[in-house]
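The values are calculated or read from the model by the stated rules, or taken from the named source; none is laboratory data. Worth saying up front: this structure is predicted, and the values here are computed from it rather than measured. Quick reminder, even Gly has a Cβ in these numbers, built from the backbone with ideal geometry, and neighbours come from all protein chains shown.
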Amino acid sequence: MSEAPIDISSRGHDAGEVRQYRRTGPAKKPFKFQLEDSPVFTVPEPDSGTMMEIEQPSCTTRTALKLFLGDDFDTAEPYLEAMPMHGPEGLTTLIGDLFDHFGLNADKFQQQEAVNRQARRRRRRG
């Protein structure tokens with residue numbers, strides 16, 4: 001039994017309609033966290049430019065944290081470097097919590113970060 005193809009080109013809007021995109025509500029509350037005996041760090045909701053940089057294939061965890069933390073990164077860096085990589089208190093959990101708080105796709109970032117790690121390992125061996 002064959003079904004007719006579904007035309008999704010005009011589903012949900014008129015072909016002549018102009019879609020408008022703008023903030024319709026308040027910004028999300030900042031994400032606050034503390035690492036061991038560090039000061040409390042506050043991450044405001046990232047803007048679109050920051051998100052486009054984070055989604056670049058070459059973006060590393062360090063670069064993403066620099067973009068999220070801005071001027072506070074230098075203060076946070078020694079605490080971040082002392083964290084375990086995995087586990088409930090690990091860096092990957094912090095990254096996931098940060099992305100989840102702002103409704104972003106952490107899985108996509110972490111998959112790309114894994115590809116970046118593999119490429120760095122190949123270059124070192126090579």
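Listed here are the residues, each with its yes/no results for (1) at negative phi; (2) exposed (fewer than 14 other Cβ atoms within 10 Å of the Cβ); (3) under 12 Å from the mean Cα position of the chain (by Cα); (4) among the basic types (Lys, Arg).
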{"residue": "17", "(1), (2), (3), (4)": "yes, yes, no, no"}
{"residue": "20", "(1), (2), (3), (4)": "yes, yes, no, no"}
{"residue": "32", "(1), (2), (3), (4)": "yes, yes, no, yes"}
{"residue": "36", "(1), (2), (3), (4)": "no, yes, no, no"}
{"residue": "40", "(1), (2), (3), (4)": "yes, yes, no, no"}
{"residue": "48", "(1), (2), (3), (4)": "yes, yes, yes, no"}
{"residue": "61", "(1), (2), (3), (4)": "yes, no, yes, no"}
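Could you grab me the full set of residues in the stretch 5-60 that are at pLDDT below 80, under 19 Å from residue 103 (Cα atoms) and polar (S, T, N, Q)?
If the condition is that a residue be at pLDDT below 80, under 19 Å from residue 103 (Cα atoms) and polar (S, T, N, Q), then 24 is the only one that fits.
Does any residue in the stretch 68-93 that is touching a residue at least 40 places away in the same chain (Cβ under 8 Å) come within less than 9 Å, Cβ to Cβ, of a residue that is basic (Lys, Arg) and part of a helix (DSSP H, G or I) six or more places away or on a different chain, and which pairs are these?
Note: pairs meeting the criteria are 80/62.
Scan the stretch 21-48 and report the pairs whose first residue is closer than 11 Å to residue 72 by Cβ and whose second residue is β-branched (Val, Ile, Thr) and surrounded by 10 or more Cβ atoms within 10 Å (Cβ to Cβ), with Cβ atoms within less than 7 Å and a gap of 6+ or a chain change.
Within 7 Å, the pairs are 39/75.
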